[in-house]
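Down below is the structure, laid out as structure tokens.
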Amino acid sequence: MNTLSPGFHGHTRPRSDRLPPGQYPTEQFPVLSAGPTPEVPTSTWEFTLTGTEGERLRTWDWAGFGDLPQEEPTVDIHCVTRWTKWDTSWRGVSVDVLLEGVDTSASHVMAESYGGYTTNLPLADLTGGRAWIVHTFDGLPLPPEHGGPARLLVPHLYFWKSAKWVSGLRLLDRDEPGFWESVGYHMYGDPWREQRNRSD
Amino acid sequence: MHGHWYFARLAARREENATARTLLFDVEKWPGHLPGQHVDVRLTADDGYQAIRSYSLAAPAEGDRLELGVQPVEGGEVSPYLAEQLPLDAYVEVRGPLGGWFVWRGERTEPVLLLGGGSGIVPLRAMVRARRSSAARSPFLLLYALRSPAERWYAEELRPGADADGVRTRLLYSREAPAEEPRPAGRLTAADLAGAAEVEGGPPLCYVCGPTGFVEHAAGLLVAAGVPPGRVRTERFG
Ligand SMILES: Cc1cc2nc3c(=O)[nH]c(=O)nc-3n(C[C@H](O)[C@H](O)[C@H](O)COP(=O)(O)OP(=O)(O)OC[C@H]3O[C@@H](n4cnc5c(N)ncnc54)[C@H](O)[C@@H]3O)c2cc1C
């Protein structure tokens, strides 16, 4: 007799080409957060792009952000807690638009959030039409527990990189760990290479 | 270390209530863990298909023994199998320990508030155990929200009142309370947390765990009660 989980059959085998290793598909939208959900009214919301010396490069308020060209990405998202959600649809501004014309030698970016959350990413992963600041999910305003009023969306990395309640991007000359990265999560977080923990 | 899968042998299964089960596993060369951490459990079907879910560690590290608490979810792929089907002496695979934030480190002396909903009691029970067996004298208050007496976990161990070690426990029933319970059954409210922010020694370090709806609600109440958001750590099960 097979003594490794004998009698376990599992549910339907998911389409494997769209499922990173160790993930399972879900119809739900589970929540992963380190603490309480901050209340961020759009009346005081601001999004700031900060340079490597701490200088404010650009700032948008809610109305100004809404005036930027909007895109509607439909993407698969992969959470490090092992769920994958296919074909999620969002509306927001491409990070390319926010960075347009910014001349920088920065290699990395710290995404910063209301409530103090941070996460680090290579600058290159935020450009080339691969990252957005989104405010709408499935045609409705993004709920607070999912990061509303606005969150970062970087679907090709584990979803903790898609900072909720995002308040800005700070350019960095070198990589630095953000919140989860400093308690053991991987610095880059590629779901296709299963980069969950620092040692993976 | 984390990337490694260990074989875990089911040594015993205990009923916590009509549906919830405690599972005791033996894992050779288990590296140990901190109260609050979890493992990933991997099941393998005959055709090689695998399913993985996270389960909190219900007790502090003790040699090669791991204790999990599983609440079977109807129609779930993994939890009913673990709770009801996995035979004694059979194996699953586990990976961990995981989680570096939702942990209680015994050397801390500050007051602690544990707030668990339903099966969210599991990692909090590991913290209570660790506190009871440590020299730490930090005040511990456990608020355990549950639907009814029939859904209670760890009834012998987590009794209402204050114990000799300075751990205080309150049970908060939402649908049906036992006859002797003065608090009427009902959802967790601000009144249940009155004074939470003003315990001796300053706002406690809070650990909130359970289903997402419960955690959102409870963490929000704590912040409204004046606990700084940075003092509230959450773990969501769904
Ligand atoms: C860090 C972490 C720690 C956890 N610790 C524990 C633990 O100690 N004990 C424990 O029992 N569980 C725990 N969980 C939840 C566990 O990982 C599984 O999600 C749960 O057992 C359901 O898995 P499943 O395969 O049975 O159901 P699935 O096949 O994944 O789900 C089937 C359906 O059940 C419903 N469902 C799934 N999960 C839930 C849920 N949590 N509540 C209500 N409905 C649900 C949904 O409709 C879902 O589509 C933890 C989760 C995380 C992220």
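The values are calculated or read from the model by the stated rules, or taken from the named source; none is laboratory data. Treat the numbers as computed from the prediction; the structure is a model and nothing was measured. Cβ atoms come from the backbone with ideal geometry, glycine included; neighbour counts cover every protein chain shown. Remember, those area values only see protein heavy atoms, side chains included, never the ligands or the DNA or RNA. Shrake-Rupley method; radii C 1.70, N 1.55, O 1.52, S 1.80 Å.
Annotations for the structure displayed:
- Odd one out for residue A:84 among (1) in a strand (DSSP E or B); (2) surrounded by fewer than 14 Cβ atoms within 10 Å (Cβ to Cβ): (2)
- Looking only at residues in the range A:1-33 that are under 16 Å from residue B:51 (Cα atoms) and aromatic (Phe, Trp, Tyr), the one that is nearest to the ligand (Cβ to nearest atom) is A:24.
- The condition of being assigned to a strand (DSSP E or B) and either away from the ligand (no atom under 16 Å from the Cβ) or not β-branched (Val, Ile, Thr) (or both) does not hold for residue B:100.
- Within the range A:120-150, restricting attention to residues that are within 29 Å of residue A:175 (Cα to Cα) and among the acidic types (Asp, Glu), the residue that is most open to solvent (accessible area, probe 1.4 Å) is A:145.
A quick yes/no check of all residues on (1) out of contact with any Gly (no Cβ under 9 Å at 6 or more places or on another chain); (2) open to solvent by 40 Å² or more (accessible area, probe 1.4 Å); (3) away from every other protein chain (no Cβ under 12 Å):
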position: B:33; (1), (2), (3): no, no, yes
position: B:38; (1), (2), (3): no, no, no
position: B:59; (1), (2), (3): yes, no, yes
position: B:64; (1), (2), (3): yes, yes, yes
position: B:69; (1), (2), (3): yes, no, yes
position: B:88; (1), (2), (3): yes, yes, no
position: B:92; (1), (2), (3): yes, no, no
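- Residue check for residue A:162: open to solvent by 20 Å² or more (accessible area, probe 1.4 Å) and polar (S, T, N, Q): no
- When the range B:3-26 is limited to residues that are within 14 Å of chain A (Cβ to nearest Cβ) and open to solvent by less than 40 Å² (accessible area, probe 1.4 Å), the one that is nearest to residue B:155 (Cα to Cα) turns out to be B:23.
- Lone qualifier among A:61, A:87 - being modelled with pLDDT of 95 or more and on the phi > 0 side of the Ramachandran plot: A:87
- Any hit, the range A:17-36, residues being hydrophobic (A, V, I, L, M, F, W, C) and over 28 Å from residue B:227 (Cβ atoms): yes
- The set of residues from the range B:69-90 being touching a helix residue (DSSP H, G or I) at 6+ places or on another chain (Cβ under 8 Å), near the ligand (Cβ under 6 Å from one of its atoms) and touching a residue at least 24 places away in the same chain (Cβ under 8 Å) comprises B:69, B:70, B:71.
- The residues in the range A:165-190 that are within 13 Å of another protein chain (Cβ to nearest Cβ), out of contact with any Asp or Glu (no Cβ under 7 Å at 6 or more places or on another chain) and not in a strand (DSSP E or B) can be counted, and the count is 9.
Residue by residue, here is whether (1) over 29 Å from residue B:217 (Cβ atoms); (2) touching a Gly at 6+ places or on another chain (Cβ under 7 Å); (3) acidic (Asp, Glu) holds:
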| residue | (1), (2), (3) |
| --- | --- |
| A:85 | no, no, no |
| A:124 | yes, no, no |
| A:147 | no, no, no |
| A:166 | no, no, no |
| A:174 | yes, no, no |
| A:187 | yes, no, no |
| A:200 | yes, yes, yes |
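- Of all residues in the range A:13-27 being open to solvent by less than 70 Å² (accessible area, probe 1.4 Å) and more than 7 Å from chain B (Cβ to nearest Cβ), the one that is farthest from residue B:91 (Cα to Cα): A:18
- Among the criteria (1) assigned to a loop (DSSP other than H, G, I, E, B); (2) within 13 Å of another protein chain (Cβ to nearest Cβ); (3) free of Cβ contacts under 8 Å to residues at least 12 places away in the same chain, the one residue B:230 does not fulfil is (1).
Conditions (1) more than 7 Å from chain B (Cβ to nearest Cβ); (2) open to solvent by 50 Å² or more (accessible area, probe 1.4 Å), marked per residue:
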position: A:11; (1), (2): no, yes
position: A:33; (1), (2): no, no
position: A:36; (1), (2): no, no
position: A:39; (1), (2): yes, yes
position: A:43; (1), (2): yes, yes
position: A:47; (1), (2): yes, no
position: A:51; (1), (2): yes, no
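- Taken over the range B:25-43, the criterion of being in a strand (DSSP E or B) and within 14 Å of the ligand (Cβ to nearest atom) is satisfied by B:25, B:38, B:39, B:40, B:41, B:42, B:43.
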